[in-house]
Amino acid sequence: MPATPLIEVRNVSKRFRIPSVRRETVREHVLDLFRPRPSETLQVLDSVSFELRRGETLGLMGRNGGGKSTLLKVITGIYPPDGGTIVRRAGITPILELGVGWNPDLDAIDNIDLLGCVMGLSLGELRAATDEILEFAGLERFAKLELRYYSSGMASRLAYAVAFRAVREVLILDEIFAVGDAGFRERCQDRFQALRAAGHTLLLVSHEPHTIERFCERALLLEGGRIVMDDDAGAVADAYMRLLTEGAGPAAGGEGHA
Amino acid sequence: MPEIARTDESPRATGTAAPARRVEREGAHLAGLIWTLVRTDFKTRYHGTIGGFLWALLKPVTMFFVLYAVFSFVFASNPAYKLNLIIGLFLYEFFGEATKTGLLSLRAKGFLLTKARFPRWVLVVTSSSNAVITLALFSAAFVFVLLVQGHALRPATVALYAWYQVQYLGIVTGFSLAASVLFMRFRDLNQIWEVVIHAGFFVAPIIYPLDILPERLHIYLYLWPPTPVMMFSRAVLVDGAIPSLAAHVYLAAETLVIVGVGMLVYRLASARIAEYV
């Protein structure tokens with residue numbers, strides 16, 4: 001009997017309404033109350049279904065605008081789906097958009113506390129892990145420096161270091177291996193492999209075919225908000241490359257939202 | 001209509017963890033999150049000012065003694081008015097500051113909303129922490145001065161004053177829950193609220209005694225939440241009188257309604273707030 005999947009995504013749909021004119025204030029809503037406002041509905045995810053099984057490393061590929069980032073946010077619970085069911089049977093740590101969004105007035109240690117708590121670590125765990133996080137990011141010398149003085153690369157490294165320390169049973173990563181210098185990427189890959197070896201379940205998004213082939217057993221290809229392929233990682237990576245070279249127009253346009 | 005369902009069978013702990021252990025872990029996580037948000041808000045707010053944290057603690061107390069000295073001179077013939085004015089000013093300052101930071105709270109911490117799933121209401125509830133610290137320090141200084149002046153404060157009246165402030169905080173939190181999610185969609189709400197706060201200063205009986213207005217208007221003034229808190233606080237601390245049971249019931253009901261409506265609006269509108277970041 002097959003093991004129960006840790007995450008089940010069944011017929012999940014997500015759409016965004018894009019009005020021709022944005023109304024973002026009370027004044028605009030009141031003044032334009034009776035003025036028609038045509039809008040376009042963007043179907044970013046369309047009946048997406050798949051399962052993430054315990055201990056597996058699943059890849060997710062797709063062109064820009066294919067809905068990958070939206071799918072990850074829906075799985076994680078950051079966005080609610082418009083339709084379908086998501087069953088989560090384990091804690092999820094997402095590593096999404098971590099390069100941006102810090103409190104620039106706080107130093108690295110306080111920002112580690114802030115992000116670490118949001119990602120599910122207790123204060124005790126954070127106290128014990130702060131040095132390790134700074135060391136992983138290669139930022140020990142800048143621990144007391146406010147984030148406003150960090151470069152974008154330094155801020156990203158710090159974010160990934162926190163997230164890697166906060167890992168729960170399922171880890172969701174969006175373009176993790178595109179951050180930092182070669183040394184940092186190598187540390188990320190080593191950590192990733194260690195998590196795999198420890199039995200964590202991983203969902204990895206990448207545009208790099210060799211990354212998906214190297215780290216994943218199985219992969220999904222998302223195109224126009226639909227899963228068009230669910231197969232061996234190598235086969236999906238090949239199909240993705242064919243899509244890029246032979247592909248038609250742009251995908252649906254889900255990424256970049258929010 | 002498509003089925004919409006999200007099932008979270010084990011959101012935090014591992015699937016095999018015992019329920020008690022999971023609750024314990026989630027409790028520790030929540031406590032850590034609240035403490036970190038309060039601490040970092042405090043640190044962010046007073047960073048770079050002269051004296052730093054020390055100034056943050058001294059400011060409300062200093063303000064109190066400055067006002068006290070000035071009003072003692074200006075209103076020398078009417079000491080009760082002086083005390084009532086100081087209470088009114090500080091309580092209204094608390095209301096204005098706490099509701100404004102509450103309204104902005106989700107947008108101000110928007111960078112956290114798209115990082116992970118966590119109890120977002122914590123961002124709203126903790127946003128008033130700086131204002132609460134200021135109010136607590138003011139209250140301590142005020143009670144101290146009353147005792148030095150020989151006012152016969154009873155433990156019951158001080159306890160009632162504290163209870164009114166707890167309800168005041170509930171009112172602020174209820175408002176903040178609703179306003180913070182609405183502000184994600186209506187980006188001029190803060191400007192509108194700023195105008196309301198300025199107008200409300202004259203609705204609340206801060207600089208004038210309520211008695212100068214016809215009694216039939218009092219009920220309308222009491223609908224403005226700072227008014228009953230202000231009036232009851234003055235009664236117990238300055239006059240040494242305990243408001244009636246009906247007055248207490250009114251304040252409790254007003255608090256419950258605002259908290260209830262705030263929670264309802266938050267519940268209805270919060271699911272999609274990350275999409276507005």
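The values are calculated or read from the model by the stated rules, or taken from the named source; none is laboratory data. All of these numbers come straight from a predicted model, not from anything done at the bench. A quick note on method: Cβ atoms are made from the backbone with ideal geometry, for glycine too, and the neighbour counts reach across all protein chains shown. What goes into the accessible areas is simple: the full protein's heavy atoms, side chains included, and nothing from ligands, DNA or RNA. Shrake-Rupley method; radii C 1.70, N 1.55, O 1.52, S 1.80 Å.
By how many degrees, 0 to 90 and rounded to 10, does the Cα axis of helix B:245-269 deviate from the longest principal axis of chain B? Here the helix axis deviates by roughly 30 degrees.
In this structure the amide hydrogen of A:Glu223, modeled in the peptide plane, comes within under 5 Å of the amide hydrogens of A:Val228, none closer than 5 places in sequence on its chain.
When the Cα positions of B:Phe138, B:Ile242, B:Tyr276 are compared along the charge dipole of chain B, B:Tyr276 comes out farthest toward the positive end, with charges on each C-beta of Lys, Arg, Asp and Glu.
Taking amide hydrogens as placed 1.01 Å from N in the peptide plane, the amide H of A:Ser39 sits under 5 Å from those of A:Ser20, each at least 5 positions away in sequence or on another chain. The modelled label-to-label distance between B:Val74 and A:Met241, using points 7 Å beyond Cα along the C-beta direction, is 7.9 nm.
Report, to the nearest whole %, how much of the accessible area of the protein assembly as shown belongs to carbon and sulfur atoms, 1.4 Å probe, protein only.
62
Sequentially through the stretch B:115-121, phi angles give Karplus couplings (6.51, -1.76, 1.60; θ = phi - 60°) of 8, 6, 8, 8, x, 6, 4 Hz, Gly and Pro residues having no value and appearing as x.
About its Cα centre, the dipole of chain A is roughly 700 debye, where the only charges are +1 on Lys and Arg Cβ and -1 on Asp and Glu Cβ.
Amide H contacts of A:Thr57: A:Leu202, A:Glu217, A:Arg218, each under 5 Å away and 5 or more positions distant or on a separate chain (H built 1.01 Å from N in the peptide plane; Pro and chain starts excluded). Using the Karplus relation 6.51 cos²θ - 1.76 cosθ + 1.60 with θ = phi - 60°, the per-residue 3J(HN,Hα) values for the stretch B:95-101 come to 4, x, 5, 5, 6, 5, 5 Hz, with x marking Gly and Pro.
Ignoring ligands, DNA and RNA, how much accessible area is buried between chains B and A, both sides summed, with a 1.4 Å probe, to the nearest 100 Å²?
Interface area, both chains combined: 4200 Å², rounded to the nearest 100.
Accessible surface for B:His248 stands near 40 Å², nearest 10, in the context of the full protein assembly shown (1.4 Å probe). Counting every C-alpha pair in the protein assembly as shown, the share spaced more than 45 angstrom apart comes to 27%. Using the 1.4 Å probe convention, the accessible area of the protein assembly as shown works out to 45 Å² per residue with neighbouring protein chains retained.
In chain B, taking the dipole from charged Cβ atoms about the Cα centre, the farthest positive-side position among B:Phe118, B:Val148, B:Ala179 is held by B:Phe118.
For B:Ile86, the shell of other residues with beta-carbons less than 13 Å away shows a net charge of +1, using +1 for Lys and Arg and -1 for Asp and Glu.
For chain B, the longest principal axis of the alpha carbon atoms and the long axis of helix B:155-183 meet at an angle near 50°. Shown for the stretch B:115-152: residues covered by the partner protein chains by 10 Å² or more of accessible area relative to the chain by itself (probe radius 1.4 Å), namely B:Lys115, B:Ala116, B:Arg117, B:Phe118, B:Arg120.
Shape summary of chain A, radius of gyration then Dmax from alpha carbon positions: 19.8, 62 Å.
Here the spin labels are modelled as points 7 Å beyond Cα on the Cα-Cβ line, and at B:Arg154 and B:Val261 they lie 3.5 nm apart. Computed about the Cα centre, the dipole magnitude for the stretch A:51-102 is approximately 120 debye when only Lys and Arg (+1) and Asp and Glu (-1) carry charge, each at its Cβ.
Using the beta-carbon distance between B:Tyr208 and B:Arg272 and R0 = 41 Å, what value does 1/(1 + (r/R0)^6) give for FRET efficiency, to the nearest 0.05? Computed FRET efficiency for B:Tyr208 and B:Arg272: 0.40. Give me log10 I(q)/I(0) at q = 0.13, 0.16, 0.17 Å⁻¹ for the stretch B:61-276, Debye formula, one equal scatterer per alpha-carbon, no solvent. Computed log10 I(q)/I(0) values: -0.77, -1.09, -1.19. For the stretch A:105-143 versus the stretch B:193-229, the spacing of their alpha-carbon centroids is 47 Å.
When +1 charges are put on Lys and Arg Cβ atoms and -1 charges on Asp and Glu Cβ atoms, the dipole computed for the stretch B:61-276 relative to its Cα centre reaches about 800 debye. Karplus-derived 3J(HN,Hα) values for the stretch A:135-142, using 6.51 cos²θ - 1.76 cosθ + 1.60 with θ = phi - 60°, are 5, 4, 7, x, 10, 4, 6, 10 Hz; glycine and proline are entered as x.
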